[in-house]
1. Could you tell me how many degrees, from 0 to 90 and to the nearest 10, lie between the Cα long axis of helix 237-258 and the main elongation axis, the longest principal axis, of the Cα atoms of the chain?
2. Quantify how much of the Cα-Cα distance distribution of region 66-271 extends past 30 Å, in percent.
3. Compute the distance from the alpha-carbon center of region 220-238 to that of region 61-91, in whole Å.
4. Based on other C-beta atoms within 10 Å, arrange 193, 137 from fewest to most.
5. Can you tell me the convex hull volume per residue for region 27-150, based on C-alpha atoms, in Å³ to the nearest whole number?
6. Label residue 97 and residue 230 with points 7 Å out from Cα along Cα→Cβ: what is the distance between them in nm?
7. So what's the angle, to the nearest 10 degrees on a 0 to 90 scale, between helix 30-43 and the longest Cα principal axis of the chain?
8. Could you work out [θ]222 nm for the chain from helices alone, using -39500 (n - 2.57) per DSSP H run of at least four and dividing by all its residues? Round to the nearest 500 deg cm²/dmol.
């Protein structure tokens with residue numbers, strides 16, 4: 001109900017919506033409308049009330065609030081339900097728990113803080129509270145489990161597109177799961193799944209975006225940044241979460257229909273920050289381990305399966321994301 005009230009207030013052509021119109025739109029009594037608006041005000045929404053004009057949404061709090069995010073997502077989008085938490089262990093963990101209980105596809109879990117945020121290969125993801133976007137979406141794709149890595153690439157496209165629209169800045173993709181701005185990481189993506197040999201029970205795509213962070217720990221500040229640090233502007237995190245979820249749903253539906261990454265290859269490669277540049281491929285589970293095999297080559301883009309095509313001295317190498325890390329020859333990108 002609250003999401004529909006907020007959506008109606010946002011869409012008001014003259015800024016105000018009468019209590020009667022809200023009552024009819026939402027399908028509840030005017031008293032119920034008033035109670036919900038009172039609750040929204042208590043949460044931090046500034047809503048004006050003027051006799052004979054109705055209600056007007058003046059501003060929203062800087063919080064990842066389920067009803068607020070839902071109200072910003074188009075009807076008909078894959079995501080129609082959002083669950084929000086001030087604190088959780090990991091949005092991916094919470095999403096997997098809900099998926100096990102039968103939660104529907106497209107449900108989005110967001111949190112202000114993660115106490116056990118996860119990155120690729122089990123790494124810890126720095127999860128400073130009330131500054132970033134931590135979100136995970138439940139999916140039930142009817143595809144071969146071998147193709148699940150495509151979800152990460154689609155999420156990367158959605159994040160880039162959403163940041164460009166909402167934040168008016170152009171990020172790029174560092175294959176396979178990092179989004180970078182000014183050659184530093186602002187976003188990581190982690191896809192997990194529960195599957196049988198040839199069937200996916202469910203998948204979860206987790207996205208962590210550094211949005212309004214003003215600083216980073218000494219050990220990562222040389223390769224991590226935030227949208228705020230690079231643009232000098234505080235960003236609307238709820239809007240960014242909503243638009244990211246919406247764009248991801250569009251890419252996902254097109255992928256399921258096409259049963260291939262082919263429709264996205266050109267768009268992805270145009271955003272690939274290392275395309276046609278020399279990179280080093282680090283094989284092994286520990287990126288800095290001395291026993292790792294390291295190879296260099298020119299990154300050419302992704303192929304139909306989402307592998308990174310690298311032109312090496314030994315020929316063309318198709319690098320699969322689960323096996324390696326790819327870095328710029330002299331640094332992170």
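Derivation of every value follows stated rules applied to the coordinates shown; laboratory data play no part. Just so you know, these numbers come straight off a predicted model, no measurement behind them. Quick reminder, even Gly has a Cβ in these numbers, built from the backbone with ideal geometry, and neighbours come from all protein chains shown.
1. Helix 237-258 and the main axis of the chain meet at about 60 degrees.
2. Everything past 30 Å amounts to 14 percent.
3. 21
4. Arranged by neighbour count, lowest to highest, 193, 137 become 193, 137.
5. 151
6. 3.3
7. Tilt relative to the chain: about 50 degrees.
8. Roughly -9000 deg cm²/dmol at 222 nm, from the helical runs in the chain.
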